[in-house]
Amino acid sequence: MRVDWAPERRGAWAEVDLSAIRNNVSLLVDMVGPSILCAVVKANAYGHGAREVAAAALDGGAQWLAVAFGEEALEIRESITDVPILLLQEISSGTNSNEIRELLELGIVPTVYSAEGIERIGRVSKLMNRQVGVHLKVDTGMHRVGADIDDLQSLMESISRFPSLGVAGLWSHLAVADGEYGEDIEFTGRQLGALRGVYDKFVQSGESPVMLHLANSAGAIAHPATRLDMVRCGISIYGELPSEMVAGRLAEHLAGNISGQLIPALSLKARVGYVRELEEGERLSYGRHYRLNRRSVIATVPIGYADGLARGMFKPGHNVDEGAGGYVLLRGERRPIAGTVTMDQILVDCGSDTSVSLDDEVVIIGEQGEDRITASEVAAKLGTISYEVFCGISSRIPRVYLNG
Ligand SMILES: *Cc1c(COP(=O)(O)O)cnc(C)c1O
């Protein structure tokens, strides 16, 4: 018989504080009201765990959920039955009619932006004899997916060929709502104007009013006019922000009539697995790039790039004092990653601190003592954004939920 292995065996884990998710959603809901909030939980809730985050977001006051793909929606539907889940992408051509039927039966809300996509859903809804309200996505300048404004007339005709289909929402996506330059701010205004223009025409042509939505976190916080009927917030519900500009705008709201603050929900932690002292002049890890300039206590920690601690967190030629490489928190101190990040392990330079011991907690992202390493700080070291850092935390890392 096999033994059940406890998650602690791994020596590395992510803690997700669900009370932080509830707090963040509730703060955003207060801020954007009367617009409602859709919690974006695609990509396993940015690595935080889709089902758990979705439940916490609803407790915090979210009224909708959004994901990229059908499979993601189904996973959440297993535990959350009564809330609309919006698909941010059109159901793909590879999806067969049984699969589409399952999505529609479960009340998943499809997005459409092509005649083929409309056809796919229309045929199945007709067979099912079920009324389906789709959200029509319009490209207002992001140029990723979304219907050309010039094609809307013909798409509306495609929809009306299926009496089982109706438009329940019109939406678009902002490209530079996190930008601080005048050009970005102007572009966001143009996108809003374009979506409003589409909506006005839609209503003038005799259609009933539908839900209108445009804002991501950056729009919801930094461009209040984009909030419309609903905001689709991802990164902010996890307690991070898309840019310094957005952080500044949030601070202004918080100095005004909204109280509280966003709290990072995820911490990435590990335990020291091995400790030794090495002599001055020794060189560590693959490539021998990290040279000890004094006798040092070196802690080995069982987390590496296969877990999502990116190899770029150590740069060859990196000198401790340059700050070019990454740090971890250990015994309340910020300590450098010492040498090449390997697939399963890192080395940490603890200098002369002989108190460092086996099983000490190591914080890669999160708080320890007086200090905190944010996902944004890690992202800045890697030349990326917090979103990618979160999504990079692999399935090898067990997620531990606090305050569920
Ligand atoms: C991911 C995504 C969002 C959420 O963006 P954040 O910047 O994380 O708030 C909103 N809308 C669409 C279409 C998305 O793809």
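The values are calculated or read from the model by the stated rules, or taken from the named source; none is laboratory data. Treat the numbers as computed from the prediction; the structure is a model and nothing was measured. Cβ coordinates were reconstructed from backbone atoms using ideal geometry, including for glycine residues, and neighbour counts include every protein chain displayed. Heavy atoms of the whole protein, side chains included, go into the accessibility calculation; ligands, DNA and RNA do not. Shrake-Rupley method; radii C 1.70, N 1.55, O 1.52, S 1.80 Å.
A few remarks follow.
- The simple spin-label model puts a point 7 Å past each Cα toward its Cβ; for Asn257 and Asp82 those points are separated by 3.1 nm.
- Relative contact order, whole percent, for the stretch 18-254 stands at 19, derived from Cα pairs under 8 Å and 6 or more residues apart.
- Scanning residues 5 or more positions from Leu309 or on other chains, those with amide H under 5 Å from its amide H are Gly304, with H placed 1.01 Å from N in the peptide plane.
- Label-to-label distance for Ala380 and Glu183 is 2.4 nm, based on points extended 7 Å past Cα in the beta-carbon direction.
- Assigned charges on the beta-carbon of Lys, Arg, Asp, Glu; the chain dipole about Cα centre (debye): 640 debye
- Dipole of the chain, positive end: most advanced residue of Leu329, Trp64, Leu278 [Cβ charges, Cα centre]: Leu278
- 30 Å tail of the calculated P(r), the chain, as % of Cα pairs: 49 percent
- For the stretch 84-163: rounded, prolate or oblate by the Cα gyration tensor [a/c cutoff 1.5]: prolate
- Near Gly383, once Lys and Arg are set to +1 and Asp and Glu to -1 for all other residues with Cβ below 15 Å from its Cβ, the sum equals +1.
- Fraction of beta bridges assigned by DSSP in the stretch 18-254 that are antiparallel (%, nearest 5): 0 percent
- FRET efficiency estimate (nearest 0.05) - Cβ-Cβ, Arg288 to Ser357, R0 25 angstrom: 0.40
- Shape category assigned to the stretch 18-254 from the gyration tensor of Cα positions, a/c cut at 1.5: oblate
- Seen from Leu104, the other residues with C-beta closer than 13 Å to its C-beta sum to a net charge of +3, counting Lys and Arg as +1 and Asp and Glu as -1.
- On full extension, the segment bounded by Arg130 and Glu105 gains 8.2 nm, given 0.36 nm per residue less the C-alpha separation.
- Beta bridges assigned by DSSP with both partners in the chain are antiparallel in approximately 50 percent of cases.
- Taking 0.36 nm per residue of separation and subtracting the current Cα-Cα distance, fully stretching the chain between Lys315 and Arg334 would add 5.1 nm.
- Whether the stretch 266-373 is rounded, prolate or oblate, judged on the alpha carbon gyration tensor where a/c under 1.5 counts as rounded: rounded
- Lys, Arg +1 and Asp, Glu -1 on Cβ, resulting dipole of the stretch 18-254 about Cα centre, debye, nearest 20: 540 debye
- In order through the stretch 116-133: 3J(HN,Hα) via Karplus (6.51 cos²θ - 1.76 cosθ + 1.60), integer Hz, x for Gly, Pro: 5, x, 5, 4, 4, 6, x, 4, 5, 5, 5, 4, 6, 6, 10, 6, 10, x
- Scanning residues 5 or more positions from Val362 or on other chains, those with amide H under 5 Å from its amide H are Ala270, Arg271, Val272, with H placed 1.01 Å from N in the peptide plane.
- Centroid-to-centroid, using Cα positions, the stretch 210-253 and the stretch 101-145 are 26 Å apart.
- Alpha-carbon centroid distance for the pair the stretch 1-22 / the stretch 269-293, whole angstrom: 28 Å
- Taking every protein chain into account, the accessible area of the chain amounts to 46 square angstrom per residue (probe 1.4 Å).
- Note on Val210: accessible area approximately 20 square angstrom, rounded to 10, probe 1.4 Å, nucleic acids and ligands left out.
- The dipole here belongs to the stretch 266-373: it is taken about the Cα centre, uses +1 on the Cβ of Lys and Arg and -1 on the Cβ of Asp and Glu, and is about 320 debye.
- Here the chain exposes an accessible surface that is 47 percent carbon and sulfur, computed with a 1.4 Å probe and the other protein chains kept in place.
- Accessible area ranking (1.4 Å probe, heavy atoms, ligands and nucleic acids excluded), largest first, for His289, His143: His143, His289.
- Only protein heavy atoms count here; on that basis, with a 1.4 Å probe, Leu309 has an accessible area of about 10 Å².
- Put Phe202, Phe187 in order of accessible area, highest first, and with a 1.4 Å probe you get Phe187, Phe202.
- Take Leu106: with every protein chain present and a 1.4 Å probe, its accessible area is about 70 Å².
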